[in-house]
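J.: First the structure, which I've put down as structure tokens, then a few questions once you've had a look.
The values are calculated or read from the model by the stated rules, or taken from the named source; none is laboratory data. Keep in mind the model is a prediction, meaning the values are calculated, not measured. For neighbour counting, all protein chains shown are included, and Cβ atoms are generated from backbone atoms with ideal geometry for every residue, glycine included. SASA here: full protein model, heavy atoms, side chains in, ligands and nucleic acids out. Shrake-Rupley method; radii C 1.70, N 1.55, O 1.52, S 1.80 Å.
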Amino acid sequence: MLIGLSSIIAFKSKLQDAFEIASRCNLSHVNIFCSPPHFSLKEPRKTLIQIRKIVRDKGLSLSIKAPSFAQNLASLDDEIGNMTFNQFLRCIEIANELDSEFIVIRAGMLFYPEKIHSELSRKLMLERLMSLLEIANDSGISILIENYPYPIDAIRSLSDFYDLFSGLRYHPKLGIALNIAHAIVARFDVNSFVKDNRLVSRTRMIYVGPPPSPWHIPYNLRGLPRVVKLASEVLKHVQDVIVTIATLREELLKKILSGLRWGVQ
Amino acid sequence: MRFIYGISTSIFLERPLDVFEAILFAYRNNFSVLEIICTAPDFKPNRIDPETRKQIREKALDYGLSLQLHAPFYSVNLADFDDDFRNLSLKLILDTIKLAYDIDAKIVTIHPGLCFLPCKLFYDKAIDILVQNIGYLVDIARENSVIISIETRAGNLDIGKPEEIIHIFRKLNFPSELGVTFDVVQANLMGNPVEVYRKLRKLIVNAHIRDAPRGKEDLLAVGEGEIDFPPLIKEFVNNRFFGPLIFEMSTPQRALISRARLEYILMNVTSNRNK
């Protein structure tokens, strides 16, 4: 098990600060959140080479969290769907440049039009995902699908994961990034999840952070102990996983880290 | 004293949109305005061919119906820090303005923007980006004889509170091609709809009428939710705002019921006024 952090911890300053914090806290992984002005998908190759050198020097590994605000692989608007596809494709290229094994994505959002034309939007989402998986496969990169808590999200429950994995024929490069805070908000059936080896064996990342998400500021930390406790439980069932702590605040990172170490012991 | 009533194509939300059915429904039920929601796949502006544009314009003219458009809003964010999506958002709205010109629609309602984490941490910069983009859209709207109307938005991630809208107007020197679409449910989510209306009243060119339970977003008929309509209607009358009042609800029946209820409220408001 590797423990790391999301680069959002340095969202207000600069990406390099996330590497510094990871080193200072003896963490071994950084999940780069691709969102300008923090980190742009248009970063030149020179910058990527610099990043690769810094993380090598610090003994860190990297993964890529694709942008996930407006992006929508399930969109019935071809311009939105295609732009999302191209941005995720760029994430695969960046992962390749940075010797990263994974990219993490939000699979899709189902707004009214996508719900009315549900078969078409599902078909489009699966087609776009399958094309990305084939391209990722050529580079030896896996695509991890993150669960989200919102009613509009295509992947928020255990049955959504089953549906997606069967639709993509359990592609070998398809994996899961289980977001514990999102799971709690969406009442995701974690107990059944950890009993299903087909999904557990594909879980390569676990996000731990303040609920409902690290974006909801100011934080309400009352739910945080439950997130840490549930993450510790899940960690007893998964192997070869990266735990990514996602928070904007360093003191909260340390608190979560200490809770996790205590919980796992 | 009469309100100008219209319907939104949201009333056909439960099935794929047929714009000609919507035009016919508006005509047969004596509505004066039709607001067409532009979303893929049923009504994506750049996919509407010239012949269909001509037919829409002519049908509306034949029926004496005034048209307006609601620009795409899913994944659309004029305040986005991501160049790709911001430029795509602009393009989708520009396509809508072009369509508005071709079908002789007078108003294009837009959602101003979304405030995700980058915007929350760099708010002033996000608002600068938004103002710049709306300024650009206003220039294009002017060339196409269209009014861009910013919808009031209340959500945690939405830009569109009264203070934000007024800031945009100030920065752009109150251009005549820019207006506000007052959404009653969104205003109710902010607190008291009458207060929101008062803050924006001089800028409002269009209103979305619907109802919802307190603190919730919904597309219910007037009277089905918890919004207190009589004081709002009184405020409209006192300010001589007669619409268009667009029924943005989830079924055709709800639009018909809502008009009847507003007429009844209006009757009471005006009779009390005359006493």
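J.: Taking a threshold of 30 Å on the Cα-Cα distance, which of the pairs A:58/A:255; A:115/A:236; A:115/B:216; A:195/B:120; B:106/B:234 fall above it?
T.: Too far apart for the 30 Å limit: A:115/A:236; A:195/B:120.
J.: Please give the residues of segment B:216-248, grouped as numeric ranges, whose backbone N is less than 12 Å from a label point set 7 Å along the Cα-to-Cβ vector of residue B:267.
T.: none
J.: Which loop trypsin sites (Lys or Arg not before Pro) in segment B:1-103, with loop taken from DSSP, have no more than 13 other Cβ atoms within 10 angstrom of their Cβ?
T.: For trypsin sites (Lys or Arg not before Pro) across segment B:1-103 that sit outside H, G, I, E and B with at most 13 neighbouring Cβ atoms in 10 Å, the list reads B:2.
J.: Still on this structure, please answer the following. What relative contact order, as a whole-number percentage, does chain B give when Cα pairs under 8 Å and 6 or more residues apart are counted?
T.: RCO, chain B: 18 percent.
J.: Let me check something: with ligands and nucleic acids excluded, how do B:111, A:237, B:70 order by accessible area (1.4 Å probe), largest to smallest?
T.: Correct descending sequence by accessible area is A:237, B:111, B:70.
J.: Under a 1.4 Å probe, what is the accessible area of chain A per residue, stated in Å²?
T.: Result: 41 Å² per residue.
J.: Can you give the FRET efficiency to the nearest 0.05 for residue A:56 and residue A:12, using r as the Cβ-Cβ distance and R₀ = 30 Å?
T.: After rounding, the FRET efficiency stands at 0.70.
J.: Under a point spin-label approximation (7 Å from Cα along Cα-to-Cβ), what is the residue A:24-residue A:134 distance to one decimal in nm?
T.: About 4.7 nm separates the two model spin labels.
J.: With every protein chain left in place and a probe of 1.4 Å, what is the accessible surface of residue A:17, to the nearest 10 Å²?
T.: Roughly 40 Å² of residue A:17 is accessible to a 1.4 Å probe.
J.: Let me ask something else. Which loop-located trypsin sites (Lys or Arg not before Pro) does segment B:180-234 contain, where loop means any DSSP state but H, G, I, E or B and the Cβ has at most 12 other Cβ atoms within 10 Å?
T.: B:214, B:216
J.: Also: What list of ³J(HN,Hα) couplings, whole Hz, do you get for segment B:51-60 from phi and the Karplus terms 6.51, -1.76, 1.60, once you set θ to phi - 60° and write x for glycine and proline?
T.: 5, 5, 4, 4, 5, 4, 4, 5, 4, 4
J.: On to the next question. Can you tell me the dipole magnitude for the protein assembly as shown around its Cα centre, using point charges on the Cβ only (Lys, Arg +1; Asp, Glu -1), in Debye to the nearest 20?
T.: Magnitude of the dipole: close to 1340 debye.
J.: Taking the DSSP beta bridges in the protein assembly as shown as the whole, what percent of them are antiparallel, to the nearest 5?
T.: Taking every DSSP beta bridge within the protein assembly as shown, about 5 percent pair in antiparallel fashion.
J.: Return the percentage of antiparallel bridges among DSSP beta bridges fully within segment A:1-160, rounded to the nearest 5 %.
T.: Once the DSSP bridges in segment A:1-160 are tallied, antiparallel ones form about 5 percent.
J.: Can you work out the Karplus-derived ³J(HN,Hα) for every residue in segment A:194-205? Use 6.51 cos²θ - 1.76 cosθ + 1.60 with θ = phi - 60°, whole Hz, and x for glycine or proline.
T.: For segment A:194-205, the Karplus-derived couplings read 5, 8, 9, 5, 4, 8, 4, 5, 9, 7, 10, 9 Hz, x marking Gly and Pro.
J.: How crowded by other chains is B:41-51, given as the mean number of beta carbons from other chains within 10 Å of each beta carbon?
T.: Per residue, the average neighbour count from other chains is 2.
J.: Round to the nearest 0.05 the FRET efficiency obtained for residue B:251 and residue B:120 when R0 = 30 Å and r is the Cβ-Cβ distance.
T.: 0.25
J.: Would you mind working out the magnitude of the charge dipole of segment B:5-273 relative to its Cα centre, with +1 at each Lys and Arg C-beta and -1 at each Asp and Glu C-beta, to the nearest 20 Debye?
T.: The calculated dipole for segment B:5-273 is roughly 720 debye.
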